[in-house]
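What follows is a set of notes on a single structure, which appears directly below.
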Amino acid sequence: MTVAAGTHQRPGRLADFIDGARRGIPVTVASAPFGMLFGTLAAQNGLSVGEATLMSAMVFAGASQLVGLELFGQKIAPWLIVLSIFAVNFRHVLYSAALGRRLRHWSGLQRAVGFFFLTDAQYADGEKQALAGRLTFSWYMGYGLLLYLCWVAEAAIGATFGNLIPDPYALGLDFMLPIYFLGMVMGFRGRPLWLPVVGASAVTSTVAYYLVGSPWHVSIGAVAGVLLAAVLAPSGRRAGL
Amino acid sequence: MSTTVWIILAAAVVTYLTRIGGHVLLSRFQRIHPRVEAGLDAVPAAVLTTLVAPAAAGGGPIEWATLAVAGLVALRGGLTATFFAGAATLIVLRNVL
């Protein structure tokens, strides 16, 4: 066998791809209920199976898709729905900035394709993989494509069977989103200033919900939390952590 | 095409911009002011909270109990455990009470 020294040290593209997919299995399983929940709620909110599947395939960001659904049901101006989805997905800017430093050996096209698949889990496991060694495009795509293809299929399945549910109230479908969002809020509790931010956004959004009305309570409440964090943050680079 | 499809396509574009944007921007600005960074850090928790608090305020004892259970489970478990604990609580209480 004649194997070049360079390829001997690293696994090939296919092996990398399979290894990435294997690492993506846990989060793919964990997110499956949410993929189907999205499809089900999409059907409940009047989206067709095709529209629900299209949204999962094009947006591929669970929390923002659920936010979009919540607003689709309220006859809100389209640009405001898009803006809300943008606001929920804004955290990707930080992931993108952080992970981009690990992808300098990728081509421009690889980066353009790869960033489409940048999710919370992809970011976290991608950083781990980069620290452990080389974050190759094949590894990244093995991880991302597994998660992506399952996510799209789950939307189609959920939307197909979501149409068949007889009593949504008994199954609690109207209140599933707040539970899911509370779980996500709690997931960020390790961040600095989490409690003051959540407290400010909770009080402000609730007051705005009754005084100003939906959907402005989302923007007003979010801005209150973000401003508080900016004000409370230590201004010196050495302060805090 | 329906309005819904246009909204989905626009949402896809802005979402992709958030995914590629950080990398594109960081290659121009090497330093971020700490206050801006703290504000950006707070974005997800702030936005998501606004989707929970008014719903909780508008709910009744069953919904409050559901969120309490989910909140407690979240202290120990992950998102999946939290969601299923809350969903189970809600469904059981709505069908029993």
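The values are calculated or read from the model by the stated rules, or taken from the named source; none is laboratory data. Since the structure is predicted, the reported quantities are computational estimates derived from the model, not experimental observations. Cβ: placed from backbone, ideal geometry, glycine included. Neighbour counts: every protein chain shown.
Among the residues of region A:81-114, those that are at pLDDT 90 or above and surrounded by fewer than 22 Cβ atoms within 10 Å (Cβ to Cβ) comprise A:Leu83, A:Phe86, A:Leu103, A:His105, A:Trp106, A:Ser107, A:Gly108, A:Leu109, A:Gln110, A:Arg111, A:Ala112, A:Val113. Among all residues of region A:208-230, there is at least one that is farther than 21 Å from A:Ala61 by Cα, hydroxyl-bearing (Ser, Thr, Tyr) and assigned to a helix (DSSP H, G or I). On the stretch given as region A:37-52, residues that are touching a helix residue (DSSP H, G or I) at 6+ places or on another chain (Cβ under 8 Å), surrounded by fewer than 24 Cβ atoms within 10 Å (Cβ to Cβ) and not aliphatic (A, V, I, L, M) total 5. Within region A:1-38, being modelled with pLDDT under 85 and more than 30 Å from A:Asn163 (Cα to Cα) holds for A:Met1, A:Thr2, A:Val3, A:Ala4, A:Ala5, A:Gly6, A:Thr7, A:His8, A:Gln9, A:Arg10, A:Pro11.
Go through the residues of region B:19-38 one by one and say whether even a single one is within 18 Å of the chain's Cα centre (by Cα) and among the acidic types (Asp, Glu). Checked region B:19-38: no residue is within 18 Å of the chain's Cα centre (by Cα) and among the acidic types (Asp, Glu). When A:Gly46 is tested against (1) modelled with pLDDT under 90; (2) out of contact with any Pro (no Cβ under 9 Å at 6 or more places or on another chain); (3) outside any loop (DSSP other than H, G, I, E, B); (4) over 30 Å from A:Lys128 (Cα atoms), just one condition goes unmet, and that condition is (3). Where helices (runs of 4 or more DSSP H) fall entirely within region B:1-96, those with at least 1 residues that are facing chain A (nearest Cβ under 7 Å) and modelled with pLDDT under 90 are at B:3-26, B:34-49, B:79-96.
Matching residues to (1) within 17 Å of B:Gly71 (Cα to Cα); (2) acidic (Asp, Glu); (3) in contact with a helix residue (DSSP H, G or I) (Cβ under 8 Å, 6 or more places away or on another chain); (4) in a helix (DSSP H, G or I):
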{"position": "A:Pro168", "(1), (2), (3), (4)": "no, no, yes, no"}
{"position": "A:Met176", "(1), (2), (3), (4)": "yes, no, yes, yes"}
{"position": "A:Ile179", "(1), (2), (3), (4)": "yes, no, yes, yes"}
{"position": "A:Met186", "(1), (2), (3), (4)": "yes, no, yes, yes"}
{"position": "A:Gly190", "(1), (2), (3), (4)": "yes, no, no, no"}
{"position": "A:Leu195", "(1), (2), (3), (4)": "yes, no, no, yes"}
{"position": "A:Ala202", "(1), (2), (3), (4)": "yes, no, yes, yes"}
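Answer yes if at least one residue in region A:182-194 is within 7 Å of chain B (Cβ to nearest Cβ), over 24 Å from B:Leu79 (Cβ atoms) and at pLDDT below 95, and no otherwise. Checking region A:182-194: not a single residue is within 7 Å of chain B (Cβ to nearest Cβ), over 24 Å from B:Leu79 (Cβ atoms) and at pLDDT below 95. Answer with yes or no whether A:Val231 is over 22 Å from the mean Cα position of the chain (by Cα) and among the hydrophobic types (A, V, I, L, M, F, W, C). Yes. Only one of the numbered conditions (1) under 24 Å from A:Val27 (Cα atoms); (2) touching a Pro at 6+ places or on another chain (Cβ under 7 Å); (3) of a type in the set (A, V, I, L, M) is not met by B:Ala55, and that is (1).
All of B:Thr4, B:Thr49, B:Thr18, B:Thr66 fail the test of being in contact (Cβ under 8 Å) with a residue 24 or more places away in the chain and not aliphatic (A, V, I, L, M), apart from B:Thr66. Based on this model, can you work out whether A:Thr206 counts as β-branched (Val, Ile, Thr), within 7 Å of chain B (Cβ to nearest Cβ) and surrounded by fewer than 22 Cβ atoms within 10 Å (Cβ to Cβ)? Spelling it out, A:Thr206 is indeed β-branched (Val, Ile, Thr), within 7 Å of chain B (Cβ to nearest Cβ) and surrounded by fewer than 22 Cβ atoms within 10 Å (Cβ to Cβ).
Condition check: more than 19 Å from A:Ala30 (Cβ to Cβ) and either aliphatic (A, V, I, L, M) or surrounded by 16 or more Cβ atoms within 10 Å (Cβ to Cβ) (or both). Does A:Leu149 satisfy that?
no
Taken residue by residue, region A:155-177 has at least one member that is surrounded by fewer than 20 Cβ atoms within 10 Å (Cβ to Cβ) and within 30 Å of A:Arg13 (Cβ to Cβ).
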